């Protein structure tokens, strides 16, 4: 053979193949870990605070041997609480930081890390299992599609159960397929362990129970109904089931090592039944909504997976017609569509609830892309010249990966890398460019609120804010944060609307805030995530103080600029000590100079106003005030007795024009005072209503 012997050539081939495998594994690890662990703690999603507290309480209950209190939730979320709770406990010990709700910022990143780490670690495991099922090409491409799937990445970074369910249940499904094909009990053990962990993560993992016999049937069709096979596999299935039960009881002692385990089981059954039959809005009736999850798959899947899964389904159909159906890939399709159908039957729906389906989608897409490239490109030869010898291809080479296929795979990977980089760290907000979301309620889970917090801290660090997501914003801001329902309180200066308020049913109270702020006012700050508006901050003039008692000699004046056409009137914000002050009258005067004669006046009985609620006064059409004019709103109290009425006031300056106060009854002696009086102009709006000066979207 000349220079090369057959043995040395074969060894060289194996060495190259091993180096390639190592490079692929390294690349896969980097692609899995980097987008999941970088920039953790950037924001807090809507449910994460609850899961952080649950995780802390879960571990504390275990340490105190209060096993009954390890029933923190019936998701059950046990895997999440074990790993995040352990991380929180370690942080408390090493950093000497006590766990408090006010100090949550110290635990966000450390609690997210173990979830991100486990989800990243699952991907190389999925690759190794898939490699045994499909060979290296499809396995590697599928693992990369999962690793760089922006939607999966997003949920892999948060303290929750859905991505972890997707990772572990996929391992359970793949190990079950491998067991069904080989009937190797070692794989049965892997299937049992992963199935138990999936069930401990979230109840929908019960999908594995019907999937197990289906996999056995599909992979062993000819012998499935033989007596010997049924007897043997029934025994193995029983071992598998017992192993699952034992693992669950050991990992979650709440089901056995407590005084009343039956009671806890009843609680689990009750909550699972409620979750399956009750929608998020409990006022709605049960409905299947068959299009919800198909729409979620379209909106949340990336274009690579979308095209690939179509090709995969076509490839499966053609293979079935040719009676060459790849049964393992068919079972992946069963996993995808079966899980979606199962979740569709439940009343409570959310895009993330079908997270395992996105893992299956990427695997099926990888099969489709490989099938399509093999169809469109020239197949690799069966033999290749090596030195002076003509030798058969190695296993990796013989999988039909042509140069065109390599280019196609590379383009897919580069595209997904670009998407991930452009979204990071907000991958949880991903939606397909092929199917615009149009302010869907499903989009937005708290991401971007940390930008609101940074803006408030920089510009208004002590002001009170009312937010749709108060707890998530509160972690990242220094000032007080209330729920958006408190938006009318005097101390509230800013109101924060969030993206997922949109798209809800018409009767939902979120629409009231959309009508009041989004449709009428211009925001002072807008948060964008990947070019999409996610949060809107509106400044609502707040008047937490009062100007002082309006004694008989006190006159207060607010200078105001008329910024819009068609002035309609003025609103004042009285202060009557919760209604205790009810004598006398407010005299309101409008002038065009500080000391000028009034153009308009009106007397308002103190008993006729409500404390800290706007009172509206309408102007006559002939008042003759134009855009750009300054008007002076004078207010005094007549015939009042102590305690005297007052007007709400803010020490913070919200206008460019001053407040004047006279204490001797003569406006010529009035002195300017920093701050803003509880006064606002009103205008005739473009929709025929009366709008305040802050509702600029309605004004000319």
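Since every read-out is calculated from the coordinates, none of them should be taken as a lab result. The structure displayed is predicted, hence computed values, not measured ones. With ideal geometry, Cβ positions are generated from the backbone for all residues, glycine too; neighbour counts draw on all protein chains shown.
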Over the chain, what is the relative contact order in whole percent, taking alpha-carbon pairs under 8 Å and six or more residues apart? 11 percent
Based on the Cβ-Cβ distance from residue 689 to residue 246, what FRET efficiency comes out when R0 is 60 Å, to the nearest 0.05? 0.35
Averaging sequence separations of C-alpha pairs under 8 Å and six or more residues apart, then dividing by the length of segment 545-698, give the relative contact order as a whole percent. 37 percent
Given a Förster radius of 41 Å and the C-beta distance between residue 638 and residue 508 as r, what FRET efficiency does 1/(1 + (r/R0)^6) yield to the nearest 0.05? 0.35
Helix 227-251: inclination vs the chain longest Cα principal axis, degrees, rounded to 10, gives 40 degrees
Please work out the Cα center distance from segment 657-691 to segment 572-631, rounded to the nearest Å. 9 Å
Please report 157, 186, 655 as a ranked list, fewest other C-beta atoms within 10 angstrom at the top and most at the bottom. 186, 655, 157
Can you give the % of DSSP beta bridges in the chain that are antiparallel, to the nearest 5? 90 percent
So I have [x] 1.00; [y] 0.95; [z] 1.12, and one of them is Rg/Rh (Cα atoms, Kirkwood Rh) calculated from this model. Which one is it? [z]
Sequence of 692, 201, 170 once ranked by neighbouring C-beta atoms within 10 Å, starting from the fewest: 692, 201, 170
Using Cβ counts within 10 Å as a stand-in for footprinting exposure, how do 349, 323 rank, fewest first? 323, 349
When DSSP beta bridges are limited to those with both residues in segment 449-539, what percentage is antiparallel, rounded to the nearest 5? 60 percent
Testing the spin-label approximation: label points 7 Å from Cα along Cα→Cβ at residue 623 and residue 271. State their distance in nm. 5.8 nm
Using the alpha-carbon atoms, what tilt in degrees (0 to 90, nearest 10) does helix 162-182 show relative to the longest principal axis of the chain? 10 degrees
Rounded to the nearest 500, what is the 222 nm mean residue ellipticity of the chain from helices alone, with -39500 (n - 2.57) per DSSP H run of 4+ residues and division by all residues? -15000 deg cm²/dmol
Give me the percent relative contact order of segment 531-607, please, defined on Cα pairs under 8 angstrom at least 6 residues apart. 22 percent
Peptide ranges 600-608, 115-123, 565-573 listed from the most packed, as the mean C-beta count within 10 angstrom indicates: 115-123, 565-573, 600-608
What's the angle, to the nearest 10 degrees (0 to 90), between helix 136-147's Cα axis and the longest principal axis of the chain? 10 degrees
